[in-house]
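Participant: One structure, as C-alpha cells, below. Some questions next.
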Amino acid sequence: MKKLIKGCSALVWKEDSHSLLEDAFIVLENNSIRSWGKMDRLEEHDGDFDETIEANNYFVCPGFLNIHSHIYNQPTRKGFGNDWGNENFYGSALYDNSGLFELSKEESKICGAHSIGEMLKKGTTTMVEIGYNSQWYEDVVQNLGIRAYLVPGYRSSSWGSIEGRKVAYEWDEESGREGMKKNIEYVKKCNSNSDSKINSLLGPAQIDTCTKELLRKTAEKAEELDCRIQIHAAQTLKEFEIILERHGLTPIEYLKETGILGTNCIIAHSVFTNAHPATNYPYGNDLELLSESGSHIAHCPWVFARSGDILHSFGKYLEEGINMGIGTDTNPLDIIAEMKWAAVGSKIADRNFASVTVEDVINAATIGGAKALGRGDLGKIAPGGKADMIFVDLDDFDMSPTRDPVKNFIYLAGSKAIDKVMVDGEFVVEDGNVKYLDEEKITNEVREIAERVWGDIPENDKEGRTANEIYPRAFLD
Ligand SMILES: [Zn+2]
C-alpha cells in the first residue's frame, strides 16, 4: 500500500536534523515513510499510489512521544491538583490524600480510553504509561490506535503522609519482588511480538519506595532483557532530603550507586538535583553524572510549574549533553502545552530568552523521546521511519497568518490546531476527533464515574472530609 501526501509544509529529517520544507510531498509505504521531497521533484521518486492525500493547507510534523504519563484515574482528578499543595512538604501535593480516587478495573479502562483519546487529539503518537496495572489498557490502546509502552510498575513500599507533616512509608519487600517479576514477564511478552505497537519497560515506581536490593535487581534485569527502565526520582525536595538522610547521597548519586543510571535509564523529573537552588547543596555534580551515564530525562514541567517550581534548567541540562524527552505526567495530557512550558520555564529559570528555543523542545518531544526509548524509527519524517505524523491546520484561526508554522503551532495555537493524527500509516484522529472513540459516550461515562468518586471521598478520607473541604472550588462561598 503506497500513499502520497501532497503539497504540505513539513518538518522532514535532513542531515541529522529536522528541517522545514515547503510545498513538500511525503510517500508512505504501508506503515513506514518511504521518501520525501519538493513537489517539483515528485516524478523522479515514485509512480503509482494507492491513495493521495491532498495536504496543501497542512503543516505536517512528526508525531510526539509522551514518555511519562499516568492514566489510571486522570479524568476524575481534574481541578484537584491546582492551587493546592502541602506547605510542610515545600508545596508538594504528592504525598497527601492518596486513596481518594480509587477505581474498579472497568472504571479505570473507561478513564484510560478518555485519557488516551485526549493524548491522541493533542498530538501524542507514542505514550509511556506508568502504573501498577497498565496491562489493563492493552485492548483500549489497540482499539484507539496509539503506540504505547505500558508499564505495570512495582515498589517495596506505599507512601502517604502522617498528619500532613511527615512522609510515611509502609514496607512490604515481598510485594516489590512479586511486582518486579510480573513486570519482567510483561516485558518478555511484549518483546516476543515485534510487530505489535505495544511495548514495555521496567518500572520501579519511585526511588524512595524501592529497596536498594530491588533497584540493583532492576538494573541487572534490564541489562539481561535489553530493555529500558523508568523511575520517578528527584521529584520533590522532601525526597531529596529523605535520600540524603537514608544514604548520604543525592537521589542522582544514589541511582548511580544502585546501577540504575545508564543509557537504558529514563528518569521521570530529575528536578531536585544539586543544580536546583532550593536543594542548597553545592557538594555534588548530579548533572555530570546524568550526562556521563547517558541517562535520559522525562521532563514534565507543568506539574511542577503549577506548584511554583521548575527544572534548573532545561537549557543547562541540554548544555551538559543530557538527553531530554517530554512527558505530561498528569492533567492535562497535552504534550504541546508541556513543550511550551519547557521552553518558557527554562527561559524564566535562566532569566534568558535564549535559554531554550522551540527547536529544542520539538527535538525533545520527537528525537529526544525516541532516543530515550531506543527507537531510531520514531520521532522523525525520514525514510524507513514509522509513519507517525500530525497534520496541523494552517487555516486554523490561531495558526493564521502563518510565517513560522512551528512557532505558531507550539507557542500560539497549541493542540486545537491539530486536524489529523496518523499512527503507523493510519489516521486515528480526523477533523480533530478520535476516530475509534465515541467522544460523547465516553465523556458521559467518565462524568458518571467522577460523580461516584467525588461522592465517596468522605468515606475514603481519614477525617471524613468532603471533596470541597479538602480542595475548595474556585469562587465557592
Ligand atoms: Zn509520574
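The values are calculated or read from the model by the stated rules, or taken from the named source; none is laboratory data. In this text, all values refer to a predicted model and were calculated from it rather than measured experimentally. Here the Cβ positions follow ideal geometry from the backbone for every residue, glycine too, while neighbour counts run over all protein chains shown.
Participant: State whether the residues of the range 229-237 include one that is touching a Phe, Trp or Tyr at 6+ places or on another chain (Cβ under 6 Å), in contact (Cβ under 8 Å) with a residue 12 or more places away in the chain and not in a helix (DSSP H, G or I).
Facilitator: Yes.
Participant: Here is a follow-up. Being touching a His at 6+ places or on another chain (Cβ under 9 Å) and touching a residue at least 24 places away in the same chain (Cβ under 8 Å) is the filter here, so list the residues in the range 5-35 that pass it.
Facilitator: Answer for the range 5-35, where residues must be touching a His at 6+ places or on another chain (Cβ under 9 Å) and touching a residue at least 24 places away in the same chain (Cβ under 8 Å): 11, 12, 27, 34, 35.
Participant: If you don't mind, another one. Condition first: among the small types (Gly, Ala, Ser), under 19 Å from residue 185 (Cα atoms) and touching a Leu at 6+ places or on another chain (Cβ under 8 Å). Now tell me which residues in the range 199-248 satisfy that.
Facilitator: Result: 200, 222.
Participant: From the residues in the range 299-316 that are more than 14 Å from the ligand (Cβ to nearest atom) and in contact with a His (Cβ under 8 Å, 6 or more places away or on another chain), which one is farthest from residue 122 (Cα to Cα)?
Facilitator: 312
Participant: What single numbered condition from (1) over 23 Å from residue 70 (Cβ atoms); (2) small (Gly, Ala, Ser); (3) within 16 Å of the ligand (Cβ to nearest atom) fails to hold for residue 270?
Facilitator: (1)
Residues are listed down the side, and each one gets a yes or a no for (1) more than 22 Å from the chain's Cα centre (by Cα); (2) among the basic types (Lys, Arg); (3) away from the ligand (no atom under 16 Å from the Cβ):
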| site | (1), (2), (3) |
| --- | --- |
| 187 | no, no, yes |
| 191 | no, no, yes |
| 194 | yes, no, yes |
| 220 | yes, no, yes |
| 238 | yes, yes, no |
| 244 | yes, no, yes |
| 250 | yes, no, yes |
| 257 | yes, no, yes |
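Participant: With respect to residue 16, determine if the residue is within 27 Å of the chain's Cα centre (by Cα) and either of a type in the set (Lys, Arg) or not in a strand (DSSP E or B) (or both).
Facilitator: For residue 16, the condition - within 27 Å of the chain's Cα centre (by Cα) and either of a type in the set (Lys, Arg) or not in a strand (DSSP E or B) (or both) - is met.
Results for (1) surrounded by 22 or more Cβ atoms within 10 Å (Cβ to Cβ); (2) farther than 24 Å from residue 437 by Cα, shown as yes or no for each residue.
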{"site": "105", "(1), (2)": "no, no"}
{"site": "109", "(1), (2)": "no, no"}
{"site": "153", "(1), (2)": "yes, yes"}
{"site": "163", "(1), (2)": "no, yes"}
{"site": "168", "(1), (2)": "no, yes"}
{"site": "174", "(1), (2)": "no, yes"}
{"site": "201", "(1), (2)": "yes, yes"}
{"site": "207", "(1), (2)": "yes, yes"}
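Participant: Of the residues in the range 1-13, how many are part of a strand (DSSP E or B) and surrounded by fewer than 16 Cβ atoms within 10 Å (Cβ to Cβ)?
Facilitator: Summing the residues that are part of a strand (DSSP E or B) and surrounded by fewer than 16 Cβ atoms within 10 Å (Cβ to Cβ) in the range 1-13 gives 1.
Participant: Run down 400, 415 and say which single residue is among the hydroxyl-bearing types (Ser, Thr, Tyr), within 26 Å of residue 335 (Cβ to Cβ) and free of Cβ contacts under 8 Å to residues at least 24 places away in the same chain.
Facilitator: Criteria check complete, one pass: 400.
Participant: Quick test for you: out of 123, 81, pick the one residue that is in contact with a helix residue (DSSP H, G or I) (Cβ under 6 Å, 6 or more places away or on another chain) and farther than 19 Å from residue 202 by Cα.
Facilitator: On inspection, the qualifying residue turns out to be 123.
Every residue, every condition in (1) within 16 Å of the ligand (Cβ to nearest atom); (2) charged (D, E, K, R), yes or no:
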residue: 103; (1), (2): no, no
residue: 115; (1), (2): yes, no
residue: 119; (1), (2): yes, no
residue: 129; (1), (2): yes, yes
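Participant: Right, something else. Identify the residue in the range 323-357 that is in a loop (DSSP other than H, G, I, E, B), aliphatic (A, V, I, L, M) and out of contact with any Leu (no Cβ under 8 Å at 6 or more places or on another chain) and, among all such residues, is farthest from the ligand (Cβ to nearest atom).
Facilitator: Going through the qualifying residues, I end up with 354.
Participant: Oh, and also: Listed residues 199, 193; which is farther than 19 Å from residue 232 by Cα and touching a residue at least 12 places away in the same chain (Cβ under 8 Å)?
Facilitator: The unique qualifying residue is 199.
Participant: Out of the residues in the range 53-83 meeting the condition of being closer than 20 Å to residue 235 by Cα and more than 16 Å from the ligand (Cβ to nearest atom), tell me which one is surrounded by the most Cβ atoms within 10 Å (Cβ to Cβ).
Facilitator: 82
Participant: Still on this structure, I have one more. Taking the stated definitions as given, is residue 163 on the phi > 0 side of the Ramachandran plot and more than 16 Å from the ligand (Cβ to nearest atom)?
Facilitator: Yes, satisfied.
Participant: Ok, one more. From the list 377, 360, which one is in a helix (DSSP H, G or I), charged (D, E, K, R) and either touching a helix residue (DSSP H, G or I) at 6+ places or on another chain (Cβ under 9 Å) or at pLDDT below 95 (or both)?
Facilitator: Of the residues listed, the single one that is in a helix (DSSP H, G or I), charged (D, E, K, R) and either touching a helix residue (DSSP H, G or I) at 6+ places or on another chain (Cβ under 9 Å) or at pLDDT below 95 (or both) is 360.
Participant: When you scan the range 286-298, do you find a residue that is assigned by TED's automatic domain parsing to the domain that holds residue 352, assigned to a loop (DSSP other than H, G, I, E, B) and either within 25 Å of residue 157 (Cα to Cα) or touching a strand residue (DSSP E or B) at 6+ places or on another chain (Cβ under 8 Å) (or both), even just one?
Facilitator: yes
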